[in-house]
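The values are calculated or read from the model by the stated rules, or taken from the named source; none is laboratory data. Keep in mind that what you see is a predicted model, and the values were worked out from it rather than measured. Positions of Cβ are backbone-derived with ideal geometry, glycine not excepted, and every protein chain shown enters the neighbour counts. Keep in mind that these areas ignore ligands, DNA and RNA; they rest on the heavy atoms of the full protein, side chains included. Shrake-Rupley method; radii C 1.70, N 1.55, O 1.52, S 1.80 Å.
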Amino acid sequence: MVKQITIISGKGGTGKTTITSSFAALADNAVIADCDVDAADMHLILQPDTFETHDFYGLKLAHINKDLCTGCDTCVLNCRFDAILESHIVDPYRCEGCGVCEYVCPETAIVMKEKKAGEYYCSHTRFGPLVHAKLGIGEEASGKLVSNVRQRASEIAESSGKGLIIIDGPPGTGCSVIAAMTGTDLVLVVTEPTVSGIHDLDRVLQVARHFRIPVAVCINKCDLNPEMSQLIFDHCAENGVNVVGRIPYNRMVIDAMLEGKTIVENPDNELSGEIGSMWSVLLSMLGDNNG
Amino acid sequence: MRIAIASGKGGTGKTTVAVNLALALGSAQLLDCDVEEPNCNLFLGFGLEKQEDVLISFPEIDKDKCTLCGRCADICQFNAIAALPKSVMVFPKLCHGCGGCSLVCPDGAISEAARSIGMIERGIDESFNIELFQGTLDISEPMASPVIRQLQEHIDDSTVAIIDSPPGTACPVIASVAEMDYCVLVTEPTPFGLNDLVLAVAVVKQLGIPFGVVINRHGVGDDGVEQYCQNEAIPVLMKIPFDRDIAVLYSKGTPFVKQMPEWGSKFREMYRDICECVSSGVGV
Ligand code: SF4
Ligand code: SF4
Ligand code: SF4
Ligand code: SF4
């Protein structure tokens, strides 16, 4: 069985991608999936060499044929998303592709058309295969794109005999996060000792609990506010959540990013050891979850 | 005047800019549209009062009337209804409330019920005269946009409305940023920051909204963001330095204009620049 670990953060900017890319470097038999599809950053560090590009089709979009339209307004009245303007033009940002207008139009002036909503890619990297994506601007269905990326990553893992999929998840708690978390074996939440860090951690922990997925927590930049770090630690302990790493702030994180490297690729980096031991703990947690 | 504060990725300091701008201006509305992770009030600590639930409709099927024809499942684009050989199943969380199924049902077996996917709260601060509206998406609910749209119905155009938008470039961002007079894009001076800024710029350009950039944690990385802004002729509205004091205040939930009053005038200056740009139509 291929194991899957998803790294998320609730709020952005906690250093999730930095940590995930280090895991990618440490793992020797993994497929990497960048599921932060509307702000994918992992490629900046992994410098992928893409060998496969797939079009992604999200929801359909309504199109009104001006020649057939009599202006009867039936579609306008039935669209629940106010997506059809008075001029009988469909606002592509508001249209959710439900197809109601197509159904009600007495003149069959409306057709639903497939719309390319992004792309996803399979690439070689120095740490193994990477599946990543780009969602078109303002698109819905980011959850669906996440599912496609994960599906392709699973296929690659199966066909190339990889034992693990490392998933970089999106921020928030909505559709794309749910899609990145469901069915994984372990979720690692990377948080930081700030009031918003705690608040957002708490919300994603609730999401994980709701979907019954085992979780672990990493407190990044833990020395920024030691009391707050302790508060997070205690809060996790009370809820039976394992804090697997406490990483201090270090300027080398940004230096590594500027060089396009992961932290662990620099042996002099003081953080390498911390991240390495966190990775071993996570691997053993994944091993224990055999069910 | 409606000003959205947005960023391509999270954690760049969007909320910091939104909250500090509101406090510096006073007499403003602040709408926290980052409904998956609403954070503004962590920095304000207002007493919040619930205003309303965000309701979304979903179908209920009368088994006695249903003839299992399957048309409801056929029209549903969101897989929220499955017609099985002996019953019809509804998955309310996938339902977008489009009403298609009840329209097509030939036997009048479908009625619509409402359920709550989130709520809207309001808080007021008398001394700064700030009215905060906060939207929260319930845990395990996938759709943020309906909460954001309902939140925006509270915008009062007779004053300044500052919108803290969700991160990214997907539909919730469009729901927040469309119909704004101006958009402030917050970024940080790193390769990740630049990558995400370029995506965010594409969004606001496509929507045709005038915009400018705030560089947060200035001095921490490289000058890629500044060069990009210069090449693209994008105004840099403000640079907030990488400063441990600011970072510690942030970690405690204290808006830094409260402790560093000199920043109050910088935010007011930024607001004046924004107004000038909006009235002259430059920067679109
Ligand atoms: S497909 Fe649905 S959302 Fe789009 S315009 Fe038609 S009725 Fe409105
Ligand atoms: S329902 Fe059809 S004919 Fe009537 S306004 Fe809409 S597109 Fe035109
Ligand atoms: S209301 Fe629309 S989305 Fe909901 S179940 Fe019916 S057809 Fe599907
Ligand atoms: S369309 Fe109406 S009758 Fe047909 S399966 Fe659905 S609920 Fe039953």
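List of remarks:
- At 1.002 mPa s and 20 °C, Stokes diffusion of segment B:118-264 via Kirkwood alpha-carbon radius, µm² per second: 125 µm²/s
- Largest-first principal axis extents of the Cα set of chain A (Å): 71, 42, 41
- Between B:Ile240 and B:Ile215, B:Asn216, B:Arg217, B:His218, the built amide H atoms are under 5 Å apart, and every one of these is 5 or more places off in sequence or on another chain.
- When accessible surface is computed with a 1.4 Å probe, chains B and A are found to bury approximately 5000 Å² between them, both chains counted.
- Dipole check for segment A:60-114: with +1 at the C-beta of Lys and Arg, -1 at the C-beta of Asp and Glu, and the Cα centre as origin, the magnitude is about 120 Debye.
- Selection from B:Cys171, B:Gly97, B:Ala82 lying farthest towards where the dipole of chain B points positive, charges on Cβ: B:Ala82
- Table column - 3J(HN,Hα) (Hz), segment B:237-253, Karplus curve with 6.51, -1.76, 1.60, x for Gly and Pro: 6, 6, 10, 9, x, 6, 9, 4, 4, 5, 5, 5, 4, 4, 4, 8, x
- DSSP loop GluC sites (Glu not before Pro) with at most 12 other Cβ within 10 Å excluded, longest remaining stretch of chain A: A:115-269
- Based on alpha carbons, the Rg and Dmax found for segment B:1-139 are 21.1, 63 Å.
- The phi-based Karplus calculation (6.51 cos²θ - 1.76 cosθ + 1.60; θ = phi - 60°) puts the 3J(HN,Hα) values of segment A:106-118 at x, 9, 6, 8, 10, 10, 8, 10, 4, 9, 5, 10, x Hz, whole numbers, x for Gly and Pro.
- Between 0 and 90°, nearest 10: helix A:271-288 axis offset from chain A longest Cα axis: 70 degrees
- Share of pairwise Cα separations in the protein assembly as shown, more than 36 Å, in percent: 35 percent
- Shape category assigned to segment A:60-114 from the gyration tensor of Cα positions, a/c cut at 1.5: rounded
- Positions from segment A:223-265 whose accessible area shrinks by 30 Å² or more when the full protein complex is built, not the chain alone, probe 1.4 Å: A:Leu224, A:Asn225, A:Tyr249, A:Arg251, A:Ile254, A:Met257, A:Leu258
- Along segment A:39-44 the Karplus relation, 6.51 cos²θ - 1.76 cosθ + 1.60 evaluated at θ = phi - 60°, assigns HN-Hα couplings of 8, 6, 10, 4, 4, 5 Hz to successive residues, with x for each Gly and Pro.
- With 25 Å as the limit on Cα-Cα distance, the pairs of A:Lys60/A:Lys134; A:Lys11/A:Lys115; B:Lys50/B:Lys205; A:Lys3/A:Lys115; A:Lys3/A:Lys60; A:Lys221/B:Lys9 that go past it are A:Lys11/A:Lys115; B:Lys50/B:Lys205; A:Lys3/A:Lys115; A:Lys3/A:Lys60.
- Rounded to whole Å, the principal axis extents of the Cα atoms in segment B:167-233 read 33, 22, 15, largest first.
- Per residue accessible area in Å² of segment B:63-108, where ligands, DNA and RNA are left out and the probe is 1.4 Å: 56 Å²
- Our note on the geometry: Cα centres of segment A:203-217 and segment A:56-89, 40 Å apart.
- For segment B:63-108, the direction-averaged projected area of the alpha-carbon convex hull comes to 2.9 nm².
- Our note on the geometry: Cα centres of segment B:140-199 and segment A:132-168, 26 Å apart.
- Relative frequency of Cα-Cα separations exceeding 31 Å in chain B, percent: 36 percent
- At 0.692 mPa s and 37 °C, Stokes D of segment A:149-291 from Kirkwood alpha-carbon radius, µm² per second: 199 µm²/s
- In this structure, the amide hydrogen of A:Val190, modeled 1.01 Å from its nitrogen in the peptide plane, lies closer than 5 angstrom to those of A:Ile8, A:Ser9, A:Cys218, counting only residues at least 5 positions away or on a different chain.
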